[in-house]
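J.: Got a structure here, written out as structure tokens. Questions coming.
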Amino acid sequence: MRRKITVFLIVAVCFLLQTTLFQSISFLTVAPNLLIIVTASFGFMRGKKEGMYIGLLCGLLVDIFYANILGGYALLYMYIGYMNGFFRKLFFPEDFKLPMLLISASDFVYNFVIYFFLFLFRNRLDFPYYLSHVILPELVYTLLMMIVLYFLILKINRRLEEIERKRAAKFVS
């Protein structure tokens with residue numbers, strides 16, 4: 001129960017920061033995608049199932065507050081969390097390269113899918129413009145924010161795992 005409450009608070013705080021503070025201090029008219037960082041991080045730290053659930057929660061928040069149709073962003077974030085869960089066996093907390101690579105790939109895929117469904121279907125075919133003015137600046141900004149947020153999520157996850165191990169040891173003894 002403690003993990004669920006903690007994860008919900010992390011998602012809520014990141015959603016609020018992403019939609020308020022970072023919108024006002026946007027860089028080249030883009031803001032970092034903190035929810036991608038949270039979804040991808042928990043995906044490769046905790047596995048496919050938890051990554052999928054956290055992605056669903058993040059996507060539903062975006063859908064409820066910003067989308068016209070409920071479920072599109074939820075499905076996208078859910079897939080991102082699930083796909084990052086495949087890398088759980090390769091994840092080592094000391095290695096910073098894998099999280100950086102996975103979060104940047106997740107952000108790129110997220111923005112490419114957004115371009116595909118929201119712009120390409122409406123016959124807006126200028127992908128190089130979208131790539132250079134939206135995708136790449138957001139990717140860089142997200143990676144800069146990842147440096148801070150990832151280590152915070154890692155520390156919280158380690159602490160929760162430590163508490164869960166201690167509680168499990170009490171019941172086994």
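J.: What aspartates and glutamates does Lys49 reach when the alpha-carbon gap must be under 16 Å and sequence neighbours fewer than 8 apart in one chain are set aside?
T.: Of all the aspartates and glutamates, none pass the test against Lys49 - Cα under 16 Å, at least 8 places apart if same chain.
J.: Karplus couplings for segment 96-108 from phi (6.51 cos²θ - 1.76 cosθ + 1.60, θ = phi - 60°), rounded to Hz, Gly and Pro as x?
T.: Coupling constants for segment 96-108: 9, 5, 4, x, 5, 5, 5, 5, 5, 5, 5, 5, 5 Hz.
J.: A further question on this structure: List the pair-distance distribution P(r) of segment 72-156, using every Cα-Cα distance, as the percent of pairs falling in each 5 Å bin from 0 up to the bin containing the longest distance, rounded to whole percents.
T.: 3, 13, 21, 21, 19, 12, 7, 3, 1
J.: Give, as a single signed number, the net charge of other residues whose beta carbon lies under 14 Å from the beta carbon of Phe171, with Lys and Arg counted +1 and Asp and Glu -1.
T.: Residues close to Phe171 contribute a combined charge of +3.
J.: When ranked by the protection proxy of mean other Cβ atoms within 10 Å per residue, highest first, what sequence do the peptides 137-148, 59-70, 114-125 form?
T.: Descending packing order for the listed peptides: 137-148, 59-70, 114-125.
J.: Could you state the orientation-averaged shadow area of the convex hull built on the Cα atoms of segment 1-101, in nm² to one decimal?
T.: 7.1
J.: Would you mind telling me the share, in percent, of accessible area of segment 1-128 contributed by carbon and sulfur at probe 1.4 angstrom?
T.: Using a 1.4 Å probe with all protein chains present, segment 1-128 comes out at 71 percent carbon and sulfur.
J.: In segment 109-173, what is the volume of the convex hull around the alpha carbon atoms, normalised per residue and reported in Å³?
T.: 92
J.: Right, another one. Under a Cβ-Cβ cut-off of 15 Å, what is the net charge of the residues other than Met83 that fall near it, where Lys and Arg count +1 and Asp and Glu count -1?
T.: Within the 15 Å Cβ shell, the charges total +3.
J.: For segment 26-43, take each phi angle, set θ = phi - 60°, evaluate the Karplus expression 6.51 cos²θ - 1.76 cosθ + 1.60, and give the result in whole Hz per residue in order, putting x for glycine and proline.
T.: Karplus-based 3J(HN,Hα) across segment 26-43 equals 5, 10, 6, 6, 10, 10, x, 9, 5, 5, 5, 4, 5, 4, 5, 4, 5, x Hz.
J.: Can I ask one more? Give me the accessible area per residue for the chain, probe 1.4 Å, as a whole number in Å².
T.: Spelled out: the 1.4 Å probe surface of the chain, per residue, equals 60 Å².
J.: I'd like the distance between the alpha-carbon centres of segment 94-109 and segment 46-88, rounded to an integer number of Å.
T.: One Cα centre to the other: 17 Å.
J.: Under the Karplus relation 6.51 cos²θ - 1.76 cosθ + 1.60, θ = phi - 60°, what is the ordered set of whole-Hz ³J(HN,Hα) values for segment 78-90, x standing for Gly and Pro?
T.: Taking θ as phi minus 60°, the curve returns 5, 4, 5, x, 5, 5, 5, x, 5, 9, 4, 6, 8 Hz for segment 78-90.
J.: Now a separate question. Which order do peptides 77-88, 37-48, 14-25 fall in by mean Cβ count within 10 Å, highest first?
T.: With the highest mean Cβ count within 10 Å placed first, the list reads 37-48, 77-88, 14-25.
J.: In addition: From zero up to wherever the largest Cα-Cα distance of the chain sits, split into 5 Å bins and tell me the percent of pairs in each.
T.: 1, 9, 16, 21, 21, 14, 8, 4, 2, 1, 1, 0, 0
The values are calculated or read from the model by the stated rules, or taken from the named source; none is laboratory data. Keep in mind the model is a prediction, meaning the values are calculated, not measured. In this analysis, Cβ positions are derived from the backbone assuming ideal geometry, glycine residues included, and neighbour counts consider all displayed protein chains. Each accessible area value is taken on the protein alone, full model and side chains, heavy atoms only, with ligands, DNA and RNA left out. Shrake-Rupley method; radii C 1.70, N 1.55, O 1.52, S 1.80 Å.
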